[in-house]
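Trainee: Dropping the structure in here first, questions after.
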Amino acid sequence: MRAFLCLTPAPECALAIEKWAASCWPNISRRVPAANLHITLAFLGETDRSTIMRITEMMSEQQMVHEFSMLFDKVGYWPQPQVLWLGSHQPAGSVAVLAGYCRQIANRAGIRVSNRQFEPHITIARKPSMPPQSALLDPAFDLAFDSVQLCESILDRRGARYVVHEEWPLRLTSA
Ligand code: ATP
Ligand code: MG
């Protein structure tokens, strides 16, 4: 299956991001629907069952970071691969640590994960017909994360659909 490890915003936050993106870029094509908004920690690609099982085992044994939140207040556009995204001026340290764990575990399972500099982001539109104008309203979404997911990506003509196969809780922050 085509798989990736990710963080997912709470549904009410995903809906707020979708609403904000729709008002800033009303005519943009290929906007990502609320249900699909996520931060990829490690893209695993086409992965067989036994590799998924190894990754699942290692993720379950991994000492995770504490739950954390992060302010998403930055809009970016990568002309290649034509991705409009929402990121952070000050990414939480925890997100980089988590992405490091996920990449390391994927590597140990024999998957070559890109070692490109990790920029935590939520893709909000893919391959728009033209480079988007700047956002009408600056974003300020404070998102809390308390788990990491292993998702399957099912691609068809209507676009991508993600199915959560596994979920690992982050460590509780003591009061
Ligand atoms: P579509 O490919 O139809 O635009 P999608 O990108 O949402 O949909 P996938 O291509 O399965 O679906 O990607 C799942 C996640 O992994 C997305 O967050 C995507 O940005 C990321 N991803 C996909 N390919 C790579 C890659 N080669 N390197 C890093 N991340 C990737
Ligand atoms: Mg893709």
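The values are calculated or read from the model by the stated rules, or taken from the named source; none is laboratory data. Since we're looking at a predicted model, the values are computed, not measured. Counting neighbours? That spans all protein chains shown, and the Cβs are built from the backbone with ideal geometry, glycine included.
Trainee: I'm trying to understand the selection: among the residues of segment 145-175, which are over 24 Å from Met58 (Cα atoms) and either touching a helix residue (DSSP H, G or I) at 6+ places or on another chain (Cβ under 9 Å) or away from ligand 2 (no atom under 16 Å from the Cβ) (or both)?
Mentor: Correct list: Gly159, Ala160, Arg161, Ser174, Ala175.
Trainee: Among the residues of segment 1-27, what is the count of those that are crowded, with 18+ Cβ neighbours inside 10 Å, of a type outside the set (Gly, Ala, Ser) and not in a helix (DSSP H, G or I)?
Mentor: 7
Trainee: Mind checking whether some residue in segment 127-140 is within 14 Å of ligand 1 (Cβ to nearest atom), at pLDDT 95 or above, buried (at least 18 other Cβ atoms within 10 Å of the Cβ) and not hydrophobic (A, V, I, L, M, F, W, C)?
Mentor: No, the conditions are met nowhere in segment 127-140.
Trainee: Just to be sure I understand the filter: pairs with C-beta atoms under 7 Å, separated by 6 or more residues or on different chains, first member in segment 32-43 and over 20 Å from Ile105 (Cα atoms), second member among the aromatic types (Phe, Trp, Tyr). Which pairs pass?
Mentor: Here the result reads Asn36/Tyr162, each pair linking segment 32-43 to a residue that is among the aromatic types (Phe, Trp, Tyr).
Trainee: Follow-up question, since we're still on this one. Grab the strands (runs of 3 or more DSSP E) fully contained in segment 80-175, keeping just those with 1 or more residues being of a type in the set (Asp, Glu).
Mentor: 141-145, 147-156, 159-169
Trainee: Can you tell me which residue is farthest from the chain's Cα centre (by Cα) among those in segment 17-50 that are closer than 16 Å to Arg2 by Cβ and of a type in the set (A, V, I, L, M, F, W, C)?
Mentor: Leu44
Trainee: Out of segment 141-175, which residues are under 22 Å from Lys74 (Cβ atoms) and either within 9 Å of ligand 1 (Cβ to nearest atom) or out of contact with any Pro (no Cβ under 7 Å at 6 or more places or on another chain) (or both)?
Mentor: Answer for segment 141-175, where residues must be under 22 Å from Lys74 (Cβ atoms) and either within 9 Å of ligand 1 (Cβ to nearest atom) or out of contact with any Pro (no Cβ under 7 Å at 6 or more places or on another chain) (or both): Phe141, Asp142, Ala144, Phe145.
Trainee: Within the set of pairs 6+ apart or on separate chains, which have a first residue in segment 127-155 that is over 26 Å from Leu172 (Cα atoms), a second that is among the acidic types (Asp, Glu) and surrounded by 11 or more Cβ atoms within 10 Å (Cβ to Cβ), and C-beta atoms under 6 Å apart?
Mentor: Pro139/Asp73
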